[in-house]
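Enquirer: For reference, the structure I am asking about is given below.
The values are calculated or read from the model by the stated rules, or taken from the named source; none is laboratory data. Because the structure is predicted, anything quoted here is derived from the model rather than measured. All Cβ positions, even for glycine, are placed from backbone atoms using ideal geometry, and neighbour counts span all protein chains on display. Note: areas computed on protein heavy atoms with side chains; ligands, DNA, RNA excluded. Shrake-Rupley method; radii C 1.70, N 1.55, O 1.52, S 1.80 Å.
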Amino acid sequence: MEFFYQIINFLILLALIWLIGRKMIVSIFADRRARINRELDETEQIEQAELSLPEVPTVFSEEIPQSILHEVEEIHTHAEKAAANLLRQTDGELHDMRREMLSGVRDAFLKKLSARIGELLRTEPYASMLREKEAEFADMIIDRMEVTPGDMAYLRRAGVLYVTLTSAYELPQEIVDKIGRHATEMLAKIGGTPSYWVKVDPNLIGGLRFRVGDTVYDCTAEDRLYELCRALERREISGDEDAETLVADMLEGIMSTKHGVNEYQLGRVISVSDGICWLDGLSDIMYGEVVEFECGERGMVLDIEPDRIGCVIYGKFEHIESGSRVRRVGRIASVPCGDELLGRVINPMGHALDGKGRIWSKERRPIECKSPSIPDRAAVFRPLHTGIKAIDALVPIGRGQRELIIGDRQSGKTSVAIDAIINQKGKNTVCIYVAIGQKDTTVADIREKLTKYGAMEYTTIVCAPASASASFQYIAPFAGTAMAEYFMYQGRDVLIVYDDLSKHAVAYRELSLLLHRPSGREAYPGDVFYLHSRLLERAAQLSPENGGGSITALPIIETQAGDISAYIPTNVISITDGQIFLDSDLFNEGQRPAVNVGLSVSRVGSAAQTKLMKQVSSRLRMELAQYRELVGFTQFGSDLDSATKRVLDAGERMMSALRQSRYAPLPDWKQVLLIYAVAEGYAASVSPADMEAFAEEMYSYFEGMQPAVTEMLRTGKKMSDDDKKLLNEALASFGASRTAADNEVA
Ligand code: ATP
Ligand code: MG
């Protein structure tokens with residue numbers, strides 16, 4: 001009996017589940033079906049709208065574009081003639097100039113194109129077609145209309161929100177009323193009232209523009225034309241696109257309603273001075289966003305206050321006036337990146353400074369980007385050879401490391417970094433040299449040297465010279481890092497040099513003071529540490545799952561009178577994984593590069609050093625430090641015991657072995673050979689002055705007469721006792737050959 005009841009209960013349960021479940025399933029499918037139907041209807045409408053577009057009348061395609069083309073050609077020939085006759089440049093330079101001028105011709109062409117299309121749109125049949133679409137535009141605007149948090153805040157403050165409807169022609173009353181009614185309803189929901197204005201502005205060419213507070217919903221032909229021209233400006237016009245097709249494409253783009261409503265925000269300039277600009281409105285804007293001024297110049301938001309926005313202006317600010325309009329671009333500041341940038345000198349915005357024409361890169365990256373997280377990273381394990389003996393042996397650098405180069409002015413900081421770049425030739429490493437606050441001539445010199453040594457092919461120079469605005473100098477290292485990140489995330493290795501971050505800190509201080517931020521120690525703003533730490537945190541060795549790429553950063557800091565305990569030096573020392581301290585005294589004594597062994601350190605690099613180098617140089621640091629100490633100690637003493645003398649002699653010889661001229665990076669095996677030979681006393685008879693000649697002789701002897709030993713050194717593997725014996729024998733026979741040669745000469 002009980003069993004029978006259980007079956008009945010179970011059946012009732014099943015029936016209930018079926019009843020409820022069926023309803024839900026049916027409603028879900030009905031929703032989906034309705035949505036699909038709606039989308040199908042919409043696409044059909046769009047297609048219909050496209051179909052009803054008339055063909056571009058032949059009058060336009062034949063007459064007007066031809067005349068535009070003709071004018072363009074005229075400018076073009078004029079430019080070439082000017083370049084050839086007046087400037088008498090070499091062929092290469094002439095070529096560069098031509099490309100530059102062609103880009104000028106492009107701008108002129110785009111201006112003409114835009115003016116021409118504006119004229120066309122004002123004539124029939126386009127003018128009446130645009131008028132016919134007014135009701136449709138109104139519906140599109142009503143669909144998109146909403147109140148932003150910024151508008152709400154304004155409404156609460158002022159009690160009323162300004163709402164403006166602008167059109168090119170007088171609108172039918174029902175459209176005006178419909179939009180007005182909608183705006184009133186929308187604002188009533190949040191307890192506000194609109195102050196509704198209707199205007200006519202023939203500059204709009206056609207269509208409607210509706211503004212609620214800061215937000216503009218734009219369906220005008222003027223705005224569409226502006227957007228299309230901007231898109232055309234950003235891409236390369238290919239060979240088979242002539243003015244004719246461009247005009248036809250643009251007309252079609254303007255007449256189609258497929259693109260919908262363009263929504264953006266507008267603000268006003270309150271005041272502008274010293275590259276800083278205060279804005280009113282744009283209450284929803286975010287830190288780091290790009291704004292565009294009426295004159296076409298751009299800026300970046302750096303300060304958000306309750307009643308105003310502070311932004312830096314990238315370019316010239318003379319044309320920007322208080323009261324002029326500012327448009328929110330809708331993205332944060334970014335720079336172009338990619339292989340197209342290699343071999344080029346650019347400003348932090350990615351614009352060419354080398355006269356080789358515009359850079360058409362397809363990719364962009366935001367200049368501020370989150371650094372890779374801990375799980376995304378791997379430990380530093382591969383060496384980045386600088387080719388400088390004193391560095392590779394004593395303060396080795398690993399890929400993904402941040403190693404600071406610090407020293408007084410004119411102590412060889414830039415030279416170390418440039419040598420490191422030159423040494424990356426053939427090592428599949430991309431280099432980026434960021435020049436901040438340097439002289440133009442210094443940068444030109446560096447470019448020339450890099451070109452001469454074949455390093456420019458894999459190098460980009462990002463240049464914000466001393467003459468550039470503080471905002472450019474502030475952005476430069478971030479822009480350089482964004483370009484480096486592009487390569488890193490592709491699994492490639494990058495070396496980036498920031499020359500130098502003291503000037504970067506000064507530029508940031510200037511901006512901060514102009515933005516009225518409170519100043520702290522040495523008048524730097526409180527977040528100057530965060531500025532450099534978030535920059536240098538982006539250097540990383542990615543884990544193999546993330547492609548295994550790396551960014552190695554070599555920031556440079558200039559000290560005053562060797563004071564490494566000043567504010568900015570201590571900050572950057574604590575951020576980086578070690579520092580190479582260049583000592584002016586050593587430099588003046590002729591010890592170049594002037595690496596101070598006692599104060600230089602590399603915290604992670606030794607893990608990346610080759611086993612062989614580690615084996616050879618392990619004692620070196622201690623012995624050199626001892627030597628430096630003894631030198632100071634014995635400066636005034638005359639009588640020295642033989643043990644001290646030996647240490648001094650050996651030290652002096654080793655120091656002279658570590659000397660190296662500029663632009664002469666040394667392969668790893670040669671460094672190992674020299675350091676081993678000097679440390680083991682095979683150069684005991686060589687005076688410090690002859691050390692360089694001795695080294696050269698030894699390298700060529702080993703390459704010619706000892707190929708087996710050379711090969712062993714090249715592998716970079718730890719030497720066994722047998723290997724050591726072989727090397728010792730080879731060095732002894734080299735010593736013997738030298739003595740024999742000396743005797744012969746005598
Ligand atoms: P600044 O403070 O002006 O930026 P810096 O510290 O970057 O200077 P560099 O410009 O690299 O220094 O070098 C200063 C001078 O020292 C240069 O004239 C250069 O020729 C010389 N110099 C640098 N390194 C060496 C070297 N290894 N051998 C010989 N001369 C060198
Ligand atoms: Mg320098």
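Enquirer: Taking amide H positions as placed 1.01 Å from N in the peptide plane, with prolines and chain starts having none, which residues 5 or more places from ARG377, or on another chain, fall under 5 Å of its amide H?
Expert: For ARG377, whose amide H was placed from the backbone, the distant partners under 5 Å are SER543.
Enquirer: Something else now. Report the one residue of ALA390, ALA379, GLY350 whose Cα lies farthest in the direction of the positive end of the charge dipole of the range 340-410 (charges on C-beta: Lys and Arg +1, Asp and Glu -1; origin at the Cα centre).
Expert: About the Cα centre, the residue reaching furthest to the positive side is GLY350.
Enquirer: While we're looking at this one, here's another question. Any chance you could look up the accessible area of LYS258 with a 1.4 Å probe, heavy atoms only, rounded to 10 Å²?
Expert: 120
Enquirer: Please work out the FRET efficiency for the pair SER543 and LYS362, using the Cβ-Cβ distance as r and a Förster radius of 25 Å; give the result to the nearest 0.05.
Expert: Plugging the Cβ-Cβ distance into 1/(1 + (r/R0)^6) gives 0.40.
Enquirer: Within 13 Å, Cβ to Cβ, of LYS717, how many net charges do the neighbouring residues add up to if Lys/Arg are +1 and Asp/Glu are -1?
Expert: Around LYS717, the surrounding residues sum to +1.
Enquirer: On the full set of protein chains, 1.4 Å probe, figure out the accessible area of VAL443 and give it in Å² to the nearest 10.
Expert: Accessible area, nearest 10 Å²: 10 Å².
Enquirer: How far, in nm, would the chain grow between ASP107 and GLU744 when pulled straight, counting 0.36 nm per residue and subtracting the alpha carbon separation?
Expert: 221.9 nm
Enquirer: Return one whole number: the accessible area per residue of the chain in Å², for a 1.4 Å probe.
Expert: Accessible surface, normalised per residue, equals 50 Å².
Enquirer: Could I ask something else about it? Ordering HIS385, HIS182, HIS532 by accessible area with a probe of 1.4 Å, largest first, what comes out?
Expert: I get HIS182, HIS385, HIS532, largest accessible area first.
Enquirer: So which aspartates and glutamates pass the test for LYS362, namely a Cα distance under 17 Å, with those fewer than 8 places away in the same chain ruled out?
Expert: Counting by Cα, and skipping residues close in sequence, LYS362 has these aspartates and glutamates nearby: GLU233, GLU236, ASP339, GLU340, GLU485.
Enquirer: Could you work out the relative contact order of the range 529-581, using alpha carbon pairs under 8 angstrom and six or more residues apart, expressed as a whole percent?
Expert: Relative contact order for the range 529-581 comes out at 35 percent.
Enquirer: Name the long-range amide H neighbours of LEU208: under 5 Å, sequence gap of 5 or more, or other chain; modelled H, no Pro or chain starts.
Expert: CYS219, THR220
Enquirer: Between TYR489 and TYR530, how high is the FRET efficiency from 1/(1 + (r/R0)^6) when r is the Cβ-Cβ distance and R₀ = 22 Å? Nearest 0.05.
Expert: 0.40
Enquirer: Another question, if that's okay. With both partners inside the range 411-532, how many of the DSSP beta bridges are antiparallel, as a percent to the nearest 5?
Expert: Within the range 411-532, antiparallel bridges account for around 5 percent of the total.
Enquirer: Please give the per residue volume of the convex hull enclosing the alpha carbon atoms of the range 197-283, rounded to a whole number of Å³.
Expert: Looking at the range 197-283, the number lands at 152 Å³ per residue.
Enquirer: If I histogram all Cα-Cα distances within the range 122-256 using bins 10 Å wide from 0, what percent of pairs lands in each bin?
Expert: Pairs per bin, as whole percents: 11, 38, 27, 17, 6, 1.
Enquirer: Need one word for the range 602-746: rounded, prolate or oblate. Basis is the Cα gyration tensor (sqrt eigenvalues a ≥ b ≥ c); a/c below 1.5 gives rounded, then a/b vs b/c decides.
Expert: Since a/c reaches 1.5 but b/c is at least a/b, the shape of the range 602-746 is classed as oblate.
Enquirer: Let me ask something additional. Check the straight Cα-Cα distances from LYS425 and name the lysines below 19 Å, setting aside those fewer than 8 residues away within the same chain.
Expert: Within the straight-line cut-off, LYS425 pairs with LYS389, LYS449, LYS452, LYS670.
Enquirer: Something else now. By what distance, in whole Å, do the Cα atoms of the range 541-681 stretch along each of the three principal axes, largest value first?
Expert: Each principal axis gives a Cα extent; for the range 541-681 these are 62, 38, 26 Å.
Enquirer: Still on this structure, I have one more. When all protein chains stay in place, what accessible area (Å², nearest 10, 1.4 Å probe) is found for VAL380?
Expert: It works out to around 30 Å².
Enquirer: Two-decimal Rg/Rh of the range 98-195 from alpha-carbon positions, Kirkwood Rh?
Expert: 1.19
Enquirer: Over the range 260-313, how many percent of alpha carbon pairs lie in each 10 Å bin up to the one with the longest distance?
Expert: Per 10 Å bin, starting at 0, the Cα pair percentages come out as 24, 60, 13, 2.
Enquirer: What size of dipole, in debye to the nearest 20, comes out for the chain about its Cα centre when the only charges are +1 on Lys and Arg C-beta atoms and -1 on Asp and Glu C-beta atoms?
Expert: 2080
Enquirer: Now a separate question. Summing Lys, Arg as +1 and Asp, Glu as -1, what charge do residues with Cβ under 14 Å from the Cβ of GLU485 carry, GLU485 excluded?
Expert: Net charge in that neighbourhood comes out at +2.
Enquirer: Here's another thing I want to ask about it. Kindly give the semi-axes, whole Å and largest first, of the ellipsoid equivalent to the chain, taking each as the square root of 5 times a Cα gyration tensor eigenvalue.
Expert: Equivalent ellipsoid semi-axes, largest first: 64, 34, 28 Å.
Enquirer: Next question, about the same structure. With contacts defined as alpha carbon pairs under 8 Å and 6 or more residues apart, what's the relative contact order of the range 153-253 in percent?
Expert: 29
Enquirer: Tell me, what HN-Hα J-couplings in whole Hz come from the Karplus equation 6.51 cos²θ - 1.76 cosθ + 1.60 at θ = phi - 60° for each residue of the range 320-335, using x for Gly and Pro?
Expert: So the Karplus estimates, Gly and Pro as x, are 8, 10, 5, x, 6, 8, 10, 10, 7, 7, x, 8, 8, 4, 9, 10 Hz.
Enquirer: Still on this structure: Using DSSP, restrict attention to beta bridges with both residues in the chain and report what percent are antiparallel, rounded to the nearest 5.
Expert: 55
Enquirer: Note the direction-averaged projected area, equal to a quarter of the hull surface, for the Cα convex hull of the range 214-359, in nm².
Expert: For the range 214-359, the mean projected area of the Cα convex hull comes to 10.6 nm².
Enquirer: For q values of 0.15, 0.21, 0.24, 0.25 Å⁻¹, compute log₁₀ I(q)/I(0) with the Debye formula on a Cα-only model of the range 694-746, without solvent.
Expert: Those come out to -0.44, -0.77, -0.94, -1.00, one per q.
Enquirer: Check which residues have an amide H placed less than 5 Å from ARG592's amide H, if you skip close sequence neighbours.
Expert: Amide H neighbours of ARG592, under 5 Å, 5+ apart: GLN660.
Enquirer: A further question on this structure: Using θ = phi - 60° and the Karplus relation 6.51 cos²θ - 1.76 cosθ + 1.60, list the HN-Hα couplings for the range 340-347 in order, rounded to whole Hz, with x at every Gly or Pro.
Expert: Once θ is set to phi - 60°, the couplings for the range 340-347 become 4, 7, 5, x, 10, 10, 10, 8 Hz.
Enquirer: Chymotrypsin sites (Phe, Trp or Tyr not before Pro), restricted to the range 630-717: which are DSSP loop and have at most 13 other Cβ atoms within 10 Å?
Expert: PHE636
Enquirer: With a/c under 1.5 counting as rounded, go ahead and sort the range 499-589 into rounded, prolate or oblate using the C-alpha gyration tensor (a ≥ b ≥ c being the square roots of the eigenvalues; past the cut-off, prolate if a/b is larger than b/c, else oblate).
Expert: Taking the square roots of the gyration eigenvalues as a ≥ b ≥ c, the range 499-589 is oblate.
Enquirer: Over the Cα atoms of the range 128-184, what radius of gyration and what Dmax do you get, in Å?
Expert: 13.4, 42
Enquirer: Of all the accessible heavy-atom surface of the chain, with the other protein chains kept in place and a 1.4 Å probe, what percent is carbon and sulfur?
Expert: Carbon and sulfur: 54 percent of the exposed surface of the chain.
Enquirer: Work out, step by step, the length gained on full extension between LYS178 and ASP376: first 0.36 nm times the residue separation, then minus their alpha carbon distance; give nm to one decimal.
Expert: Computed gain between LYS178 and ASP376 is 65.8 nm.
Enquirer: What list of ³J(HN,Hα) couplings, whole Hz, do you get for the range 213-226 from phi and the Karplus terms 6.51, -1.76, 1.60, once you set θ to phi - 60° and write x for glycine and proline?
Expert: Per residue, the Karplus-derived 3J(HN,Hα) values read x, 8, 8, 10, 9, 10, 10, 8, 5, 4, 5, 5, 5, 4 Hz.
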